[in-house]
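Worksheet: one structure, shown below.
The values are calculated or read from the model by the stated rules, or taken from the named source; none is laboratory data. Because the structure is predicted, anything quoted here is derived from the model rather than measured. Here the Cβ is made from the backbone with ideal geometry for all residues, glycine too, and neighbour counts use every protein chain on show.
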Amino acid sequence: MTKLAIMGAMEEEIEPLLAHFENVNIVEFANNKYYEVNYNGLDIVIAYSKIGKVFASLTAATMIEKFACDTLLFSGVAGGINPELKIGDLIIADKLCQHDLDITAFGHPNGYVPGGKVFVETTKSLRDVAIKVANENNLKVIEGTIATGDQFVHSTERKDFIQTTFKADALEMEGASVAVVCDALNVPFFILRAISDSADMDAGFDFDEFLKSSAKNSADYLIKIVKEL
Ligand SMILES: CCCCCCN(CO)Cc1c[nH]c2c(N)ncnc12
C-alpha cells in the first residue's frame, strides 16, 4: 500500500495543499511538524522543510525513514530561467543539479563531488502520470532541468552562470537535495514547481507578489496528480 510524502519548503507552499484535507494528525519531530492525513484510502504525510538544501534533506529523509513513505512528491515555487516560463507557469523536473556545489579547484565539473553525480533524474512513471493529468486538464506544463542552491538568485550574472553551466530551465533551493535523498533511498519522487519570479534583479519583489498564487498553481495541479495515484 502506497504511503505518500508531500513536501514543500515554505508554509505558503503546503498551506494550499493542507486546505484539501480534514482530520489532520500533527506529529512533532526534529524541530518540525509532520501532518498525517488519509485521503481516499491513501496515507499521506505532509510537511514543509524550511528553506534550503539541508532542511530539505532532513525532511525528505525523515518522511522516508521515520514515516515509511514510499513515494515523495514536492510542490513549490521557483525562479524561471527558460524564457518560455512565465510567472505562474508549471515545470516538472526531469533532472536536478546543485549549482553551488563546487570543487572545480580540483578539475571536477560544477555540481560534482566524488561518489555523486551532477544530475539526478526524477521517476519517469510519476512524470508520465503528471503529463496525462496536465493533458486531461488542459494545463500547460514543461519538463525540464531544475538547478538547486543555497541562495535566492536575484542577479542576471548568477542566473546566466546557472543557465550556461547546467542548461537549467528553473532554479530553487531544495529540489536537488530531495532528489539525492530519494535516489539514495530508492524512493520514487516527483518535483513540481510554479514560477514566482525570473531570478533577476526584480526577483525579490516578484517573489513577494506571486508566491501565494504560484504556490496555489503548483498545489492545485499536485492534488489532481495525487487523485490519480
Ligand atoms: C523568504 C525568501 C524565500 C525564498 C525561497 C525561494 N524558494 C526556494 O526554493 C523558491 C524560489 C523562488 N524563486 C527563487 C529564486 N529566484 N532563487 C532561489 N529560489 C527561488
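Considering 196, 213, 218, the condition of being among the small types (Gly, Ala, Ser), out of contact with any strand residue (DSSP E or B) (no Cβ under 6 Å at 6 or more places or on another chain) and at pLDDT 95 or above is satisfied by 213 alone. Checking each residue in region 29-75 for being part of a strand (DSSP E or B) and out of contact with any Leu (no Cβ under 9 Å at 6 or more places or on another chain) picks out 29, 33, 34, 36, 38, 47, 48. Could you tell me whether any residue of region 36-51 is in contact with a Ser or Thr (Cβ under 9 Å, 6 or more places away or on another chain), among the small types (Gly, Ala, Ser) and on the phi > 0 side of the Ramachandran plot? Taking every residue of region 36-51 in turn, none turns out to be in contact with a Ser or Thr (Cβ under 9 Å, 6 or more places away or on another chain), among the small types (Gly, Ala, Ser) and on the phi > 0 side of the Ramachandran plot.
For the residues 150, 183, 200, 169, the requirement of being without any contact (Cβ under 8 Å) to a residue 60 or more places away in the chain and of a type outside the set (Lys, Arg) singles out 200.
Taking (1) surrounded by 14 or more Cβ atoms within 10 Å (Cβ to Cβ); (2) over 19 Å from residue 193 (Cβ atoms) in turn, residue 49 satisfies each apart from (2).
Candidates in region 124-162 are the residues that are among the polar types (S, T, N, Q) and surrounded by fewer than 19 Cβ atoms within 10 Å (Cβ to Cβ); of these, the one that is nearest to residue 181 (Cα to Cα) is 125.
Close contacts from region 77-88, counting a first residue that is on the phi < 0 side of the Ramachandran plot and a second that is aromatic (Phe, Trp, Tyr) and near the ligand (Cβ under 10 Å from one of its atoms), with Cβ to Cβ under 9 Å and a gap of 6+ residues or different chains, come to 77/207; 77/210; 79/152; 79/207; 87/210.
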